[in-house]
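Asks: Quick one: the structure is below, and I'll ask about it shortly.
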């Protein structure tokens, strides 16, 4: 059984899609976008939190806007992270029945799961866009930063859309490949946790 690690280039550590042509280009572009969003989000949150702690101890008062910045970054990291987890086959799955069925049935089931999940993600994307419109129409603003609150929710439909695309590409990968894939770069299977002596 193949190990289930993503297709990473050994020299550069970058993600290489297993999809051909234009779909592979989209997949690699999405991988770079997700990685960038997560890296920037985590770094900015760490810097913001550390700066706020230092300000409290040095000046006796924290930065009043720090909590709102972290709130924005948590939303960014969460919704960029769902696409990243889908790409690397890291979402929680209940696989007792799935693991017990023959490989051909597993492949059909994986295609079905990927397509249904993709449709569900696009459904959530559509409704989250409606939520943003409602929030915008109410005119609420962030008290400390002073800009419209709907701006911070832009990451929600973006994250759902990226995840929907990722699951759709996973279905295509399973259609076009002999192996069963959890994502475009992760083959279904379990890595051995114990080394043989």
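Bear in mind these aren't lab numbers, they're just calculated from the coordinates by the rules spelled out. Values in this document were obtained by computation on a predicted structure and should not be read as measured data. Glycine gets a Cβ as well: all are built from the backbone with ideal geometry, and neighbour counts include every protein chain shown.
Asks: Quick check on the chain: helices-only [θ] at 222 nm, where DSSP H runs of length 4 and up contribute -39,500 (n - 2.57) each and the sum goes over total residues. Nearest 500, please.
Replies: That calculation yields -22500 deg cm²/dmol at 222 nm.
Asks: Follow-up question, since we're still on this one. Please list 72-80, 56-64, 106-114 highest first by mean number of surrounding beta-carbon atoms within 10 Å per residue.
Replies: Peptide ranking by packing, descending: 72-80, 106-114, 56-64.
Asks: How many angstrom lie between the Cα centre of the range 31-110 and the Cα centre of the range 135-150?
Replies: Answer, in whole Å: 24.
Asks: Using 1/(1 + (r/R0)^6) with R0 = 25 angstrom and r between the beta carbons of residue 116 and residue 22, what's the FRET efficiency to the nearest 0.05?
Replies: The calculated FRET efficiency here is 0.55.
Asks: Helix 21-59 versus the longest principal axis of the chain: what is the Cα-based angle in degrees, 0 to 90, to the nearest 10?
Replies: So the helix axis and the longest Cα principal axis differ by about 30 degrees.
Asks: If you take the beta carbon distance between residue 178 and residue 126 as r and set R0 to 30 Å, what does 1/(1 + (r/R0)^6) give as a FRET efficiency, to the nearest 0.05?
Replies: Taking R0 as 30 Å, the efficiency between residue 178 and residue 126 is 0.30.
Asks: Say R0 is 30 Å: what FRET efficiency, to the nearest 0.05, do residue 70 and residue 29 get from their beta-carbon distance?
Replies: With a Förster radius of 30 Å, E is 0.60.
Asks: Normalised by the residues of the chain, what does the relative contact order come to in percent, with Cα pairs under 8 Å and at least six apart?
Replies: About 31 percent, as a whole number.
Asks: Which ordering of 155, 29 is given by a fewest-first count of other beta-carbon atoms within 10 Å?
Replies: Ordered from fewest to most neighbouring Cβ atoms within 10 Å, 155, 29 come out as 29, 155.
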